[in-house]
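S.K.: A single structure is presented below for examination.
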Amino acid sequence: MEKSGRKDEKIEIIGVTKTVDVEQINEAISIGIKNIGENRVQELTKKYDIIGDKANYHMIGHLQSNKVKYIIDKVELIHSLDRMSLAKELNKRAKMNDLIINTLIQVNVAEEESKHGLKVDNVIPFIEKISKYHNIKVKGLMTIAPYVENPEDIRWVFRDLRELSSTIKAKDYKHVDMEILSMGMTNDYTIAIEEGANMIRIGTGLFGKRNY
C-alpha cells in the first residue's frame, strides 16, 4: 500500500470462500472480513442461508443465465458480467424483484482461452448496448491475470484494465460508473494495488491452499 502511494485509500478485500466451510467463514467475519466471494451459485445460496446478513456476498465466478434467479436478491455485486444474454437476464430478474443489480464487467485482458470475459476491444461496444438497461448498474471492471511465478510479468494486465477504466469513465455512459477495479489475488495483489486495484480477491492468503 505504501509503495503504491495509496495508504489512505480503502482497498476492499473479498474473501474467496470456494470449498471453505461455514465455521472458517464465520471466523474470518469475526476478524473483519465483510465480503465473501463464491464461484458457484449453489455454494453461495447454501452459505447465505446459514450465515445470513453477517457478510456481503459477491458472485465472482462464471454465471449461467438460468441461475440468476437464485442469487439476484442475495448478492452485493456480480463480478462476471461478460455477455448480452446474461445482461438481459440480470435486468429482467432485477426488474421483477424491484432491484438495481450492481455488476462488474469481466475482461479477459490476457485473452486466455481457459478464462471467461470480454476482450479489451469488445468492452466499450458491450457497455454501449447494456447502458440502456435500467436495472443494471455497471460499477467497474474485473479481470483475472494469468498465474505466473513473478507477478511483475503480468503488471501490464492490471495497467491495461486501469487504462480501459479511465477511458470508459471519460465517456460518461448512463448507468455506468468506474468506481471499482476488481483485480489481484493472493499471488499478485500487491502489483494489482500498485496499478490501481481497489478490490482484491483473496482465497489462499486467508484460508490456505485447498484441493478443488
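S.K.: Going toward the positive end of the dipole of the stretch 8-95, with +1 on Lys and Arg Cβ and -1 on Asp and Glu Cβ, which of Leu77, Ala55, Asn91 do you reach last?
M.R.: Positive-end residue among those listed: Asn91.
S.K.: Quick check on my link table: of Lys54/Lys88; Lys67/Lys174; Lys95/Lys132; Lys119/Lys139; Lys34/Lys92; Lys34/Lys115, which ones sit more than 24 Å apart, alpha carbon to alpha carbon?
M.R.: As for pairs spanning more than 24 Å Cα to Cα, those are Lys54/Lys88; Lys67/Lys174; Lys34/Lys92; Lys34/Lys115.
S.K.: Using amide H atoms built in the peptide plane, which far-off residues or other-chain residues are under 5 Å from Val16 H to H?
M.R.: Amide H to amide H, under 5 Å and 5 or more residues apart or across chains, Val16 pairs with Gly37, Ile202, Gly203.
S.K.: ³J(HN,Hα) across the stretch 65-81 via Karplus (A = 6.51, B = -1.76, C = 1.60, θ = phi - 60°), whole Hz, x for Gly/Pro?
M.R.: The phi angles translate into 4, 6, 9, 4, 4, 7, 10, 4, 9, 10, 9, 6, 7, 9, 8, 10, 6 Hz.
S.K.: Ser30 to Glu76: FRET efficiency via 1/(1 + (r/R0)^6), r the Cβ-Cβ distance, R0 25 Å, to the nearest 0.05?
M.R.: The pair Ser30/Glu76 has a calculated efficiency of 0.85.
S.K.: Note down the nm distance, to one decimal, between modelled labels 7 Å out along Cα→Cβ at Thr19 and at Ala170.
M.R.: Going from the Thr19 label point to the Ala170 one covers 4.4 nm.
S.K.: Right, here's the next one. Tell me, what is the percent relative contact order of the chain, built from C-alpha pairs under 8 Å that lie six or more residues apart?
M.R.: 20 percent
S.K.: Can you check what the net charge comes to around Ser65, using other residues whose Cβ is under 13 Å from the Cβ of Ser65 (Lys, Arg +1; Asp, Glu -1)?
M.R.: +4
Just so you know, all these numbers are worked out from the coordinates, no wet-lab data involved. Every value quoted in this text rests on a predicted model; they were computed, and no experiment measured them. Virtual Cβ from ideal backbone geometry, glycine too; neighbours counted across all protein chains shown.
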